[in-house]
Amino acid sequence: MPLFWIVRNAKPGRAFLWGWLFGGLAFGFHLWWLWLLVVPVEPVTRILLDIGVVLLFAYLGLYVGVFTWLTRRWGLWAAPFIWPLLEFLRTKSQIAFPWGLLGYTMTPYVPFIQVASIGGVYLVSAWLVLVNVLVYKLYASRFAPDAAEARLESSGVKRSARRTLGPALALAAAFAVPLVFSAFYVRPLKPWFNVAIIQPNVSPLDKGDWDSRAQIQKDLAGLTRQAAATKPDLILYPETATLVDVTRSTTIGPVIRGLADSLGTEIFTGTPLFDEARNSWHNGAVLIRPGEQPVRQRYYKMRLVPFSEKIPYADELPIIRKILGTADMGDWARGHNYTVFNWSHGTLSALICFEAIFPDLTREFTRRGSRLLAVVTNDGWFGRLVGAQQHAELAVLRTVENGVPMIRSANNGISLIADPYGRVLKKTPLFAQAILTGSVPQPLAPTPYVRFGDWFMLACVLGLIVGLVARLARTAKAVARR
């Protein structure tokens with residue numbers, strides 16, 4: 001609402017500056033916890049990270065500035081088309097950080113997010129912008145008339161009730177459409193398989209401590225035996241749960257493979273992985289199946305956290321690493337293959353931590369045949385702040401977009417089971433060692449978003465073109481009348 005007031009009253013250049021400031025402050029309030037991450041780094045790296053957070057707020061605010069500038073020039077009608085296009089652009093490049101897309105605010109409100117199965121999170125964002133536009137128009141028609149209306153009123157002409165009735169009816173329709181769609185779309189689901197999710201609750205500081213490795217691995221094995229007592233079809237570990245490459249290790253490797261063999265249960269785990277062919281280290285995941293030696297299916301993380309796991313464009317321009325890099329700044333190699341794992345009950349794909357906030361990445365996995373999302377993450381760096389809750393909510397919307405269930409193992413929480421409609425069936429608290437067991441429902445048929453991808457972006461472009469042409473035609477007609 002304040003942003004639309006700026007759009008209506010400021011000149012385009014000033015509107016951009018106000019929008020940039022508005023966006024930077026908004027993301028600052030949303031992501032303030034980034035300053036308090038529990039990351040053991042050198043003082044120089046900490047300074048660089050703090051500067052980076054400020055630059056991140058300024059960078060994200062730029063998108064709001066561009067949105068305000070364009071909306072000021074083209075009119076409020078264009079806002080629901082412009083905003084999702086800019087969100088889509090935020091998911092691209094190696095510095096992409098699509099945290100805080102507007103549609104994610106609706107994740108807890110299941111009936112309002114089902115339209116994501118049609119156009120992804122961007123369609124939910126567009127709907128929210130439309131609602132805000134209509135609310136603002138309703139407000140403006142009653143309390144903030146524009147200059148033309150003010151002149152009419154001063155001349156004794158009363159404002160037509162139609163100016164209020166129109167936005168009110170449109171607002172009611174905007175709320176009714178997703179609710180009606182959800183009522184027809186959401187159906188009961190049949191059970192598919194049973195899962196046991198391990199939440200080891202290892203301290204982020206101990207996770208990198210080699211002196212604690214033996215105890216951590218012993219605890220992991222003990223939790224696995226406890227989980228096996230519930231007769232799960234699949235056991236899920238979190239990100240880098242084994243601490244070392246489980247496929248090469250002579251300690252934890254044989255233990256985990258032995259557990260899979262003796263318990264007759266498949267184990268899916270996050271693990272560091274070394275690629276001998278490329279001589280590179282990866283943040284990865286593997287599926288350990290009973291009787292299968294060596295491990296045949298592996299995945300290398302494709303979307304690495306900028307500056308934490310990889311300095312953006314350091315491979316293309318190595319000088320960037322020399323300028324910005326420090327000894328303790330991450331340098332994982334990037335994966336390039338969309339691995340779809342085959343297991344006894346079907347197919348699954350891994351989303352490692354940061355990857356779960358990328359709609360296009362997840363959609364590509366399901367387009368290639370994955371019917372289950374297995375998220376492995378280590379959110380302990382967030383502490384008990386809101387970052388962990390935000391990260392979990394962002395991930396859940398991937399289930400609605402793709403019509404598949406999700407199992408999520410977080411080292412310190414929040415681990416969860418979610419159905420294809422984005423309903424969280426079970427979850428764990430933060431910072432508690434836990435074994436989460438439950439039944440995972442069957443996936444749906446491929447959604448329109450899976451089949452057609454980001455078609456809504458093209459629809460937004462076409463909507464803008466049609467609107468601008470219509471506006472030019474009206475202007476030309478008005479000039480001709482003079």
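Derivation of every value follows stated rules applied to the coordinates shown; laboratory data play no part. This structure is a prediction, so every number in the text was calculated from the model and none was measured. Cβ: placed from backbone, ideal geometry, glycine included. Neighbour counts: every protein chain shown.
Before moving on, here are some points about what is shown:
- Within straight-line cross-link reach of K190, lysines at Cα separation under 23 Å, skipping those fewer than 8 residues along the same chain: K231, K426, K427
- In the chain, the sites counted are GluC sites (Glu not before Pro) in DSSP loop states with at most 15 other Cβ atoms within 10 Å, and the longest stretch holding none of them, exclusive of the sites, is 1-275.
- Counting Lys and Arg as +1 and Asp and Glu as -1 over every other residue whose Cβ lies under 12 Å from the Cβ of R334, the net charge comes to -2.
- Contour excess over end-to-end distance, with Cα ends at S280 and T105 and 0.36 nm allotted per residue: 59.2 nm
- Virtual spin-label span in nm between S93 and S203, 7 Å along Cα→Cβ: 3.9
- Site pair T230 and T475 shows an inter-label distance of 6.2 nm when each label is modelled 7 Å from Cα along Cα→Cβ.
- Straight-line reach from K11: taking Cα to Cα under 20 Å and skipping same-chain neighbours fewer than 8 places apart, the lysines in range are K137.
- Neighbourhood charge, 11 Å Cβ-Cβ cut-off, centred on W18 and excluding it, Lys, Arg +1 and Asp, Glu -1: +3
- Amide H contacts under 5 Å for T347, placed H, 5+ residues apart: R371
- Backbone N within the stretch 286-323 under 19 Å of label point (7 Å from N337 Cα along the Cβ vector): 286-289, 292-304
- Positive minus negative residues near T366 (Lys, Arg vs Asp, Glu; Cβ under 13 Å): +3
- Which of K427, K322 has the fewest Cβ neighbours within 10 Å, and the rest in rising order: K322, K427
- About the centre of its Cα atoms, the stretch 304-375 shows a dipole size close to 240 debye [charges on the beta carbon of Lys, Arg (+1) and Asp, Glu (-1) only; nearest 20 debye].
- On the beta carbon distance between T164 and L385, with R0 = 60 Å, the FRET formula returns roughly 0.90.
- All lysines inside 26 Å of K322 as judged from Cα atoms, apart from same-chain residues fewer than 8 positions distant: K92, K301, K310
- Residues whose amide H lies under 5 Å from that of K426, counting only those 5 or more places away or on a different chain, are I417; hydrogens are built 1.01 Å from N in the peptide plane.
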